[in-house]
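Asker: What follows is a single structure, and I will ask about it in a moment.
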Amino acid sequence: MRRLMFALFLIAALPVAAQNRPADLQPLPEAPPPPPGVADAAIEPQITIVQHGETKEEQYRVNGKLYMIKVTPPHGGTPYYLIDSRGDGTWARQESLDSGVRVPMWVIGNF
């Protein structure tokens, strides 16, 4: 019985809630441009797609330095990543990008 009363109340309240809009709505102004030096094109990664037979590689570079390769095997295989985390040319394979991230869990206090 309570559920039925609640549903009837909601049905009656919806048209009232829809009418409570201000009549003088105006569009928001355009967002200002970012300050100079913040939106640097060199920070954005440059992505190059290379085909090796049926295998597709997406090479990610920043400032011309290759730091990650996404390899997609043929026929819709699961992609994996080759990451140069230290910048010395040593590549490590990761199955997903979030596998190396760990949430810090410090004990602040015990009671």
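Asker: Within the stretch 66-92, can you find the residues that are loosely packed, with under 10 Cβ neighbours inside 10 Å and of a type in the set (Lys, Arg)?
Answerer: 86
Asker: Moving to a separate point now. Six or more apart or on different chains, Cβ atoms under 6 Å: show the pairs whose first residue is in the stretch 49-73 and farther than 16 Å from residue 89 by Cα and whose second is aliphatic (A, V, I, L, M).
Answerer: Hits for this filter: 57/50; 57/69; 57/71; 58/47; 58/49.
Every number here is computed from the coordinates shown, using simple stated rules; none is lab data. In this text, all values refer to a predicted model and were calculated from it rather than measured experimentally. Don't worry about glycine lacking a Cβ; one is built from the backbone with ideal geometry, like all the others, and counts go over all protein chains shown.
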